[in-house]
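Engineer: Next up is a structure, given as structure tokens.
Bear in mind these aren't lab numbers, they're just calculated from the coordinates by the rules spelled out. Source: prediction; values computed, not measured. Cβ atoms come from the backbone with ideal geometry, glycine included; neighbour counts cover every protein chain shown.
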Amino acid sequence: MIDRDALLEKYRLERDKRLRPEGNAQYVRVATHFPHMLDDPYTPRAERAPVTDHVRFAMVGGGFAGLCTGARLAQAGITDVRIIEAGGDVGGTWYWNRYPGAQCDTASIIYMPLLEETGHVPTEKYAHAPEILAQAKKIARTFNLYDKALFHTEVERLSWDEARKVWLIETDRGDKFTADFVGVGTGPLNVPKLPGIPGIETFKGHQFHTSRWDYGYTGGSAEGAPMDRLANKRVAIIGTGATAVQCVPHLARDSGELFVFQRTPSSVDVRANAPIDPDWFQSIATPGWQTRWLENFAANVGMGGAAEDWVQDGWTDLSRRIRARVMQLPPTEWTPDNIMKVWEMADHEKMSEIRERAVTVVEDRQTGEALQAWYRQLCKRPCFHDQYLQAFNRPTVTLVHTDGQGVGRIDETGIWAGGQHHAVDCIIHSTGFEVGTPTEERAGFDPVGIGGQTLSQAWADGMQTLHGLNSAGFPNLFLIQFAQAANFIVNVPHNWMETGSTVASIVRHMTDAGLATVEADADAQAAWVQLLLQGPGMMINNPDCTPGYYNNEGQPMDDRARYAVGYPAGPNAFFSYMKGWRSDGQFKGLRFG
Ligand code: NDP
């Protein structure tokens, strides 16, 4: 029996220990403090002449957002598409994040985009990073998105030319070209961040961020070859989020000694990965299968509920439990208040099981207890792994639990935590990505629309879009992101495949009708934003949660943050609404010219 009051008190105490008054200011920008740490370790940069031509559609970002948009445009017959990408190839997060053990946390058959269109059959329930990157490249090849792509290229300025009705795109490679349409899909977690630990710049050993894995130093490969150069090294990893949970087992296996510096433990549930049986796959792969699976998953992680849970994993488990508890109530008691109560109890039950798992798997009781997560499950990104907790049973692995305080100091030879010095050869920063910093800083540019107004000026009081995609005053600009749209963060590629279809229908319609410009009608946009603000708001900005990027480090949110919400009726309702919207040929709420 769970003592709810005692548990909530424990959650509060743990949260308070971790709270830091400086919020996001505790982190430092890699670009300003350690620019070399952002260098691309995977692809040499090739010199090329600046580009000065014109394309029909320019897509900023070659990750899944850009690839899905490009693919849907190609399917609609719009082939003059140019991807502009900071990395040396397509793939976005999967281009950069090649740390050992990287794999998707959402089932491959719904996470990997456009499987039906490319004919790829995922090999595992949760595919590893090289296979996901290969799928990104396959999408680019299938839809000829390599032809005009510019890699190792960053957009510095994006401005609307009202006289010529085109966007002017200027890059750090001296390119100056125009496009009828621009898509911006730079991703939500694209800028690595480092902890502002005193002395971090004095360390004389080697240090790098997980999103720029230095296989030259560690040996091994992203494909899984052992990191043989770590055999005699004392290695530190700072951070125990979703990235660390995946790479710690590999570091534990290959390092002479490994020190894992933990500030807040992650909740680590069962992974249960398994190969995908090609015969089983063929049995489900009838036309339209991926859309059906996407919708089934989205329904099962939402509160609406689907008849049957096909994916059956840790994400759908919590919703299944909540629904089961709701069904135990008489229908007359299905009030929002009661639903929140049973949700909370299902959460406590689930988190108690996950905490129990930690002390069962980890042989040393004290270490197991230090790995227990004391917060509600969606306070932080839930993790799933079957070798992470086990790694702490190796005699060469030490958990340095800082009990919410974090690393105190770094010096020339190592790391100080809790008054103790740990001498190490290498520090790996698994410290995540910027969230909550201004969008234009993360993207590296601020689109300049009609009358010279920038997007950040237009959104000074909060984000303003129609469907999360078009914004008044910014003609022919498509924002490929999920806020003010489905906001479906559990399976982000689902958003991209659907948004890509919407963009493609608009551009196809304009091409057929000979229209030059499109933008959100200001009134329709205001009505859309009002509709969204009437919904339940964000599910992840709970100030009672342990601090982290889900809740602005536990600091009060800027009022503008409440605009970053999704469609009140949930992701599937949004996708279905948009399907109707784009197929009736009216494109209500858009103004064409
Ligand atoms: P996170 O932001 O989740 O984790 C950063 C870690 O660094 C936290 O454990 C944090 O502690 C710790 N940290 C920060 N500063 C200090 C300090 N001064 N001392 C000690 N520890 C410190 O980053 P990740 O890269 O792990 O994950 C980011 C996101 O990327 C995930 O939430 C997920 O959305 C995505 N991701 C997805 C994966 C997938 O789908 N396969 C895999 C990996 C990541 P604290 O918790 O106390 O802040």
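Engineer: Would you mind calculating the relative contact order of region 503-593 from Cα pairs under 8 angstrom and at least 6 residues apart, reporting the percent as a whole number?
Structural biologist: 43
Engineer: Relative contact order of the chain, please, whole-number percent, based on alpha carbon pairs below 8 angstrom and at least 6 residues apart.
Structural biologist: 20
Engineer: Let me ask something else. Sort 561-573, 156-168 by packing, meaning the average of other beta carbons within 10 Å per residue, with the highest value first.
Structural biologist: Highest-to-lowest ranking by the protection proxy: 561-573, 156-168.
Engineer: With 44 Å as the cut-off, how large is the P(r) tail for the chain, expressed as percent of Cα-Cα pairs?
Structural biologist: Cα-Cα pairs in the chain separated by more than 44 Å: 17 percent.
Engineer: Please state the relative contact order of region 64-177 as a whole percent: Cα pairs under 8 Å, 6+ residues apart?
Structural biologist: 31
Engineer: May I ask you to compute the full-extension gain from L531 to Y146, defined as 0.36 nm times their residue separation minus their alpha-carbon distance, rounded to one decimal in nm?
Structural biologist: 134.7 nm
Engineer: Under a 5 Å amide H to amide H cut-off, with H placed in plane at 1.01 Å, what residues pair with R409 once short-range neighbours are removed?
Structural biologist: W416
Engineer: Here's something else I'd like to know. If you average the C-alpha positions of region 419-484 and of region 550-587 separately, how far apart do those two centres end up, in angstrom?
Structural biologist: After rounding, the separation between the Cα centres reads 16 Å.
Engineer: For T396 paired with E440, estimate the spin-label separation in nm (one decimal), with each label point 7 Å from Cα along the Cα-to-Cβ line.
Structural biologist: About 5.0 nm separates the two model spin labels.
Engineer: Right, something else. Each residue of region 99-112 in order: what ³J(HN,Hα) in whole Hz does its phi give by Karplus 6.51 cos²θ - 1.76 cosθ + 1.60, θ = phi - 60°, with x for Gly and Pro?
Structural biologist: Whole-Hz 3J(HN,Hα) from phi for region 99-112: 4, x, x, 4, 7, 6, 9, 10, 3, 3, 6, 10, 7, 7.
Engineer: Please give the contour-minus-distance gain from L38 to M557: 0.36 nm per residue of separation, less the Cα-Cα distance, rounded to one decimal in nm.
Structural biologist: Full extension of this stretch gives 183.9 nm more.
Engineer: Another one. State the extension gain, in nm to one decimal, for the chain segment bounded by R409 and H206, taking 0.36 nm per residue of separation less the distance between their alpha-carbons.
Structural biologist: 71.5 nm
Engineer: Could you calculate the FRET efficiency of A134 with A274 from 1/(1 + (r/R0)^6), where r is the beta carbon distance between them and R0 is 25 Å, rounded to 0.05?
Structural biologist: Efficiency, from the Cβ-Cβ distance: 0.80.
Engineer: If you don't mind, there's one more thing I want to ask. Counting only other residues whose beta carbon sits under 14 Å from that of P275, what net charge do I get with K and R as +1, D and E as -1?
Structural biologist: With Lys, Arg at +1 and Asp, Glu at -1, the neighbours total -2.
Engineer: Tally Lys and Arg at +1 and Asp and Glu at -1 over the other residues with C-beta under 12 Å from the C-beta of G224: what net charge comes out? Intermediate values should be presented prior to the final figure.
Structural biologist: Values: positive: R98, R253; negative: E131, E223, D254.
Charge balance in the 12 Å sphere: -1.
Engineer: Note down the nm distance, to one decimal, between modelled labels 7 Å out along Cα→Cβ at T335 and at D461.
Structural biologist: The two pseudo-label positions are separated by 3.5 nm.
Engineer: Continuing with this model, one more query. Please list, in chain and number order, the residues 5+ apart from F259 or on another chain whose amide H is under 5 Å from its amide H, with Hs placed from the backbone.
Structural biologist: Under 5 Å from the amide H of F259 lie the amide H atoms of V235, A236, I237, T398, each far enough along the sequence or on another chain.
Engineer: A further question on this structure: Return, in residue-number order, each cysteine of the chain whose C-beta is not under 4.7 Å from any other cysteine's C-beta.
Structural biologist: By the Cβ distance rule, which asks for a partner under 4.7 Å, the isolated cysteines are C68, C104, C247, C383, C426.
Engineer: Roughly how many whole Å is it from the C-alpha centroid of region 147-173 to that of region 313-366?
Structural biologist: For region 147-173 versus region 313-366, the Cα centre distance is 49 Å.
Engineer: By DSSP, what percent of the beta bridges with both residues in the chain are antiparallel, rounded to the nearest 5?
Structural biologist: Bridges in the chain that DSSP calls antiparallel: roughly 45 percent.
Engineer: Enumerate the calculated ³J(HN,Hα) couplings along region 34-41 in order (Karplus 6.51 cos²θ - 1.76 cosθ + 1.60, θ = phi - 60°), each rounded to whole Hz, writing x wherever the residue is Gly or Pro.
Structural biologist: 9, x, 5, 6, 9, 4, 7, x
Engineer: Right, something else. Enter the Cα centre distance for the pair region 79-95 and region 184-198, rounded to the nearest angstrom.
Structural biologist: 18
Engineer: What net charge is computed for the residues neighbouring Y42, neighbours being all others with C-beta under 12 Å from the C-beta of Y42, Lys and Arg scored +1, Asp and Glu -1?
Structural biologist: Summing Lys and Arg as +1 and Asp and Glu as -1 gives -1.
Engineer: Another question, then. If amide H atoms are built 1.01 Å from N in the plane of the peptide, which residues on other chains or at least 5 residues away come under 5 Å of the amide H of H209?
Structural biologist: For H209, the qualifying residues are H429.
Engineer: With each pseudo-label sitting 7 Å past Cα toward Cβ, what's the E369-I489 distance in nm, one decimal?
Structural biologist: 3.2
Engineer: Further question on the same structure: Rounded to whole Hz and in sequence order, give me ³J(HN,Hα) for region 380-389 from the Karplus expression 6.51 cos²θ - 1.76 cosθ + 1.60, θ = phi - 60°, writing x for Gly and Pro.
Structural biologist: 9, 4, x, 10, 9, 6, 10, 10, 5, 4
Engineer: In addition: Apply 1/(1 + (r/R0)^6) to the Cβ-Cβ distance of W416 and R48, taking R0 = 45 Å, and write down the FRET efficiency to the nearest 0.05. Please list the in-between numbers first.
Structural biologist: Working: r = 46 Å, r/R0 = 1.02.
Taking R0 as 45 Å, the efficiency between W416 and R48 is 0.45.
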